[in-house]
Amino acid sequence: HKTFISLSLLLAVIFFACSKDNNSVSKNEAPQEEQTSANKGAGATQISGIGYYATSGECDYESQGAVYAIKMTGDLEGCLYAFIDDFECSPSGTYREEGREYFVGTYNGQPGTFWTTYKFEAKYEGCENGAPLGAEIFGRCQHPIVVGSGTGVFNGVSGQLNFKDDIEAGNFPYRGHLGF
C-alpha cells in the first residue's frame, strides 16, 4: 500500500513538472537573475494587456534603429521596439529568436522606459534560408526586464512580460509582473 501511494505522488510530481503550460522557453534553461528578481520581495504587481504590430504612424521604429515595434495596450501603453540579436529556423518550421527590446510608454498614466531581453519560439509552416516560411502555427516569448534599465515610472523596476501569440486574432496577449 505504501508503494502505491509513493508511486502516485511521484507520478503527480512528474505530471505537474512537465505540464504543457510551463512558460519556460527551454526545458534546460535555469532562471536568470532578471527573471527572478521581482519574485524575491513582496509586492510584485500583475499586469496584462494586448500587443500588436504597430502600423504606420503608431511607433516610429526606424528612428529607434529597431527591426519592428509592438504597440502595447492595457496596463502598459506605448511602443516596444525590437532589436533582433540572433535567430534560427529548422526545416521543420521551428523558429527561435533572441534579442533586446526598448519600451517607451506609460504605466498608470505615468511615463517611463525600460529594456528587456527576450527569447521567442514559434512554429511556422516551414523555413527557407534560415527564416520562417508560411503562416505561424503558434508562438510565445519571454521578456525579462533588465534590472536597472528603467526610467521615470519604471525607475528601479524588475519583472517579466510573457506573450502568447493569438494567431486567429493576429495579436499578442501579454501577462507579467512588475516589482518596484
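Among the residues in segment 121-143, are any farther than 22 Å from Gly170 by Cβ and under 17 Å from the mean Cα position of the chain (by Cα)? No: zero hits. Is it the case that segment 109-121 has a residue that's in a strand (DSSP E or B), surrounded by fewer than 16 Cβ atoms within 10 Å (Cβ to Cβ) and of a type in the set (S, T, N, Q)? Yes, there is a match, as at least one residue in segment 109-121 is in a strand (DSSP E or B), surrounded by fewer than 16 Cβ atoms within 10 Å (Cβ to Cβ) and of a type in the set (S, T, N, Q).
Do you know which of the residues in segment 122-168 that are touching a His at 6+ places or on another chain (Cβ under 9 Å) and under 17 Å from Ala82 (Cβ atoms) is surrounded by the fewest Cβ atoms within 10 Å (Cβ to Cβ)? The extreme case among them is Asn162. Exactly one of (1) closer than 15 Å to Asn162 by Cα; (2) modelled with pLDDT under 95 is unmet by Ser63. Its number? Checking Ser63 against (1) closer than 15 Å to Asn162 by Cα; (2) modelled with pLDDT under 95, the one that fails is (1).
Of all residue pairs spaced 6 or more apart or on separate chains, those with beta-carbon atoms under 9 Å, a first member in segment 126-151 that is farther than 17 Å from Gly176 by Cβ and at pLDDT below 95 and a second member that is of a type in the set (Gly, Ala, Ser) and not in a strand (DSSP E or B) are Gly126/Ser92; Gly126/Gly93; Cys127/Ser90; Cys127/Ser92; Cys127/Gly93; Pro132/Gly93; Leu133/Gly93; Gly134/Gly93. Only residues that are out of contact with any Cys (no Cβ under 7 Å at 6 or more places or on another chain), among the polar types (S, T, N, Q), part of a loop (DSSP other than H, G, I, E, B) and free of Cβ contacts under 8 Å to residues at least 40 places away in the same chain were counted in segment 62-108, giving 1.
The values are calculated or read from the model by the stated rules, or taken from the named source; none is laboratory data. All values derive from a computational prediction rather than experimental measurement. Note: ideal-geometry Cβ built from the backbone for every residue, glycine included; neighbour counts use all protein chains shown.
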